[in-house]
Amino acid sequence: MSDVLRIAIQKKGRLSEKSLAIISGCGIKFGSDERVLKERATNFPLEFLYVRDDDIPSYIHDGVADIGIVGRNEFDEQGFALTVLRDLGFSKCRLSIAVPHDFPYLGLKSLEGKRIATSYPNILRGILGEDGVSATLVEVSGSVELTPAVGIADAICDLVSTGATLAMNGLHEVETVYTSTAVMIGRPLTDNRDKEAILQRLLLRIDAVMKAASFKYIMFNLPTDRVEAVSALIGGLKSPTVTPLLEAGWVSVQTVVAEDRFWDVFEQLKDLGAQGILVTPIEKMTE
Ligand code: PRT
Ligand code: ZN
C-alpha cells in the first residue's frame, strides 16, 4: 500500500491536544514538535497537516487533506458537502444567545428587528429563520462579547463553555440554540481504494479507543447467592465472568460497566455485599 491518508488537525488551540491524543491512543506514532506544519506518522500511513481550525473544512473539500478534526460548529457554519465520520465527543460547547441585563428577553421573538453580533451567521440565520424572526446579523470574527458594550449590537450569539466570559462582560445567557462537539469529517474517498482502506483501519482503532474510554473494568468478590442480583444490576451487557473462590459460598466477578453508570453500580454493588472492588480503565475495546 503506497498511499497515505492526510489528516488536518488544528495547530494550536482548544482542539489540538485532544485530537492528537485520540490518534496516539490508536497506537500511531508521530513527533510532537510544535514548529512542524506537516509530518508523517512513523508506523501508520497517515500524514498530519497542522492548520487553523477555520481552514480545515475547505482543505478537505479542495483535496489538500482527506479527513480532519473540527468543531461541529465550524463544519456546519461553512456548509461544505463533507461527511461527519465520527462524533469524537470532546470540546463540548454551546452556541447561545446572550443579552445585556436590561434586555427584556422573552424568547427568540424578542430579537425581531435587533442587531445580533456573531461569528456564526449561517447557523444563526437558520435558527432565526425556523422561528420566522428577522434580525440584522453583525458578523464579527472575535471578541463578540464586547459588541453590545461598544454599541454595535443589541445581543450576541456566541460559543459558551463555562459562561465565565459572558459574565465578565455583563451579559446574560438566555437561550442555547445549538450544541457542538469535535467531529472527524472527511470527503468521499471512493476514487482511491488505498486511502479508503487506511481510513477504515483508522476508524476501527478510533472506535476501539472511544468505546474503551466509555467503560470501566471492575472485579470484586461476592457471596454466591448474590450473583443473580448483580447480573440484573449490570444488565444490558454480556453476562459477567464468575469464578468460584476457594472459600465456599464466594465467587470472584469480572465485568465492564459504562462510565456514566459507574458510581450508581458501585454503590449498589456495595449494598449487595460485594467486597474488594477493583476498578481499572480499559485501553482498547471492541464488540
Ligand atoms: O487559531 P485557530 O483559528 O485554529 O483557533 P480558534 O481560536 O478559532 O479556535 P479555538 O481553539 O478557540 O476553538 C476551537 C473550537 O473549540 C471551537 O470551534 C469550538 O468547537 C470549541 N470550543 C469549545 C470553544 C469553546 N469551547 C469556547 N469556550 N470555542 C470557543 N470558546 C470561547 C467562548 O466563545 C469564549 O469566548 O472561549 C471563550 C471562553 O468560554 P467560557 O464560556 O468558558 O468563558
Ligand atoms: Zn479558528
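Quick notes on this one:
- Scanning the stretch 152-177 for residues that are open to solvent by 40 Å² or more (accessible area, probe 1.4 Å) and either within 10 Å of ligand 1 (Cβ to nearest atom) or within 18 Å of the chain's Cα centre (by Cα) (or both) gives L159, S161, T162, A164, T165, A167, M168, N169, E173, T176.
- Residues satisfying the stated conditions in the stretch 232-277, i.e. open to solvent by less than 50 Å² (accessible area, probe 1.4 Å), under 24 Å from E287 (Cα atoms) and among the small types (G, A, S): G235, S252, A258
- Tallying residues that are of a type outside the set (V, I, T), assigned to a strand (DSSP E or B), under 20 Å from L203 (Cβ atoms) and within 15 Å of ligand 1 (Cβ to nearest atom) within the stretch 42-81 yields 4.
- Hits in the stretch 82-92 (condition: open to solvent by less than 30 Å² (accessible area, probe 1.4 Å) and within 15 Å of ligand 1 (Cβ to nearest atom)): L88, F90
- Of the residues making up the stretch 114-147, those that are among the hydrophobic types (A, V, I, L, M, F, W, C) and in a loop (DSSP other than H, G, I, E, B) number 3.
- Scope the stretch 220-231; condition part of a helix (DSSP H, G or I) and surrounded by 13 or more Cβ atoms within 10 Å (Cβ to Cβ); matching residues: T224, R226, V227, A229, V230, S231
- Scanning the stretch 5-37 for residues that are away from ligand 1 (no atom under 16 Å from the Cβ) and in contact with a strand residue (DSSP E or B) (Cβ under 7 Å, 6 or more places away or on another chain) gives L5, R6, I28, F30, G31.
- Of residues in the stretch 185-219 being more than 16 Å from the chain's Cα centre (by Cα) and farther than 26 Å from F80 by Cβ, the one most open to solvent (accessible area, probe 1.4 Å): Y217
- Long-range neighbours under 6 Å by Cβ, at least six apart or interchain, first residue hydrophobic (A, V, I, L, M, F, W, C) within the stretch 213-224, second open to solvent by 50 Å² or more (accessible area, probe 1.4 Å) and not in a strand (DSSP E or B): none
One line per residue, one yes/no per condition, for (1) of a type in the set (V, I, T); (2) surrounded by fewer than 18 Cβ atoms within 10 Å (Cβ to Cβ); (3) touching a residue at least 24 places away in the same chain (Cβ under 8 Å):
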| position | (1), (2), (3) |
| --- | --- |
| I7 | yes, no, yes |
| L15 | no, no, yes |
| K18 | no, yes, yes |
| E34 | no, yes, no |
| P45 | no, no, yes |
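- For A117, the conditions (1) away from ligand 1 (no atom under 11 Å from the Cβ); (2) under 19 Å from I23 (Cα atoms); (3) open to solvent by less than 30 Å² (accessible area, probe 1.4 Å) are fulfilled apart from (2).
The values are calculated or read from the model by the stated rules, or taken from the named source; none is laboratory data. For clarity, every value in this text was computed on a predicted model and none was experimentally measured. Neighbour counts run over all protein chains shown; Cβ positions are idealised from the backbone, glycine included. Accessible surface is based on the protein model in full, side chains and every heavy atom, while ligands, DNA and RNA are left aside. Shrake-Rupley method; radii C 1.70, N 1.55, O 1.52, S 1.80 Å.
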